[in-house]
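The values are calculated or read from the model by the stated rules, or taken from the named source; none is laboratory data. All values derive from a computational prediction rather than experimental measurement. Here the Cβ positions follow ideal geometry from the backbone for every residue, glycine too, while neighbour counts run over all protein chains shown.
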Amino acid sequence: APVVGVLALQGDVREHLVALAAAGATAREVRRPGELAEVDGLVIPGGESTTISKLAVLFGLMEPLRARVRDGMPVYGTCAGMIMLADKILDPRSGQETVGGIDMIVRRNAFGRQNESFEAAVDVAGVAGDPVEGVFIRAPWVESVGARAEVLAEHGGHIVAVRQGNALATSFHPELTGDHRVHALFVDMTRANRTAESL
Ligand code: GLN
């Protein structure tokens, strides 16, 4: 099975570990550069993106993360993790950096105060069957994408799922629903990349 890490600095790490294991991966926490070096793919969880950013710098992970994403390691970010994968944040907080990897501009907390949390059925390209139950928690949306990024889903006229090469990002949290199809898509991406690298 492909080894998929979950960046375990802050956020809903455990839920991703459970979802990844259910989707057929060997899942483990990543906190150090040495642990990052050993995984075939990585999930960046939901949480608070400024906190995750600052801890990544503090733990010496920011540059290794950028290097591995640049080298094509499969990476999946949910919510705060989506923000971490954006090449640009519209409204960054001071000291907030991103790993980047997806040519997109995200707006943090975009769905606004009235709707800080809500659920909605979302059709995700590449996920067969019924729509995914999207759990949005103070979620970002994607303002715009560049030519290399592919929009996989929209909600209310806003982009909420994007893929660029081996990088995948969703505004919402499939790890909270018990439906592991998005994680299965990511585990498949990781498996395919590992096979390609070994040829
Ligand atoms: N609003 C959070 C942020 O800006 C993200 C929330 C989440 O990950 N559920 O980082």
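Observations, loosely collected:
- Considering region 13-35, and only residues there that are within 15 Å of the ligand (Cβ to nearest atom) and without any contact (Cβ under 8 Å) to a residue 60 or more places away in the chain, the residue that is surrounded by the most Cβ atoms within 10 Å (Cβ to Cβ) turns out to be VAL13.
- When the test is whether a residue is within 15 Å of the ligand (Cβ to nearest atom), part of a loop (DSSP other than H, G, I, E, B) and either in contact with a Lys or Arg (Cβ under 7 Å, 6 or more places away or on another chain) or modelled with pLDDT of 95 or more (or both), GLY95 passes it.
- Hey, ALA153 surrounded by 16 or more Cβ atoms within 10 Å (Cβ to Cβ), under 13 Å from the mean Cα position of the chain (by Cα) and of a type in the set (A, V, I, L, M) or not: no
- Qualifying residue in region 102-109 (condition: under 22 Å from PRO74 (Cα atoms), within 11 Å of the ligand (Cβ to nearest atom), buried (at least 21 other Cβ atoms within 10 Å of the Cβ) and in contact (Cβ under 8 Å) with a residue 12 or more places away in the chain): yes
- Per-region count, region 110-144, residues outside any strand (DSSP E or B), modelled with pLDDT of 95 or more and surrounded by fewer than 16 Cβ atoms within 10 Å (Cβ to Cβ): 7
- Here region 56-72 is the region considered, the condition is being under 17 Å from the mean Cα position of the chain (by Cα) and of a type in the set (Gly, Ala, Ser), and the residue that is surrounded by the most Cβ atoms within 10 Å (Cβ to Cβ) is ALA56.
- Residues satisfying the criterion are absent from region 73-86 (criterion: more than 17 Å from ARG163 (Cβ to Cβ) and either over 14 Å from the mean Cα position of the chain (by Cα) or of a type in the set (Asp, Glu) (or both)).
- Residues of region 84-96 that are surrounded by 17 or more Cβ atoms within 10 Å (Cβ to Cβ) and either more than 30 Å from THR195 (Cβ to Cβ) or among the acidic types (Asp, Glu) (or both): ASP87, ILE89, PRO92, GLN96.
- Check on GLN10, within 10 Å of the ligand (Cβ to nearest atom), farther than 24 Å from VAL145 by Cα and surrounded by 16 or more Cβ atoms within 10 Å (Cβ to Cβ): yes
- One residue from GLU175, GLU143, GLU150 being acidic (Asp, Glu) and within 15 Å of THR78 (Cα to Cα): GLU175
- Flag for GLU38 being of a type outside the set (Phe, Trp, Tyr) and away from the ligand (no atom under 11 Å from the Cβ): yes
- Among (1) in contact with a helix residue (DSSP H, G or I) (Cβ under 8 Å, 6 or more places away or on another chain); (2) touching a residue at least 40 places away in the same chain (Cβ under 8 Å), the one test that VAL122 misses: (1)
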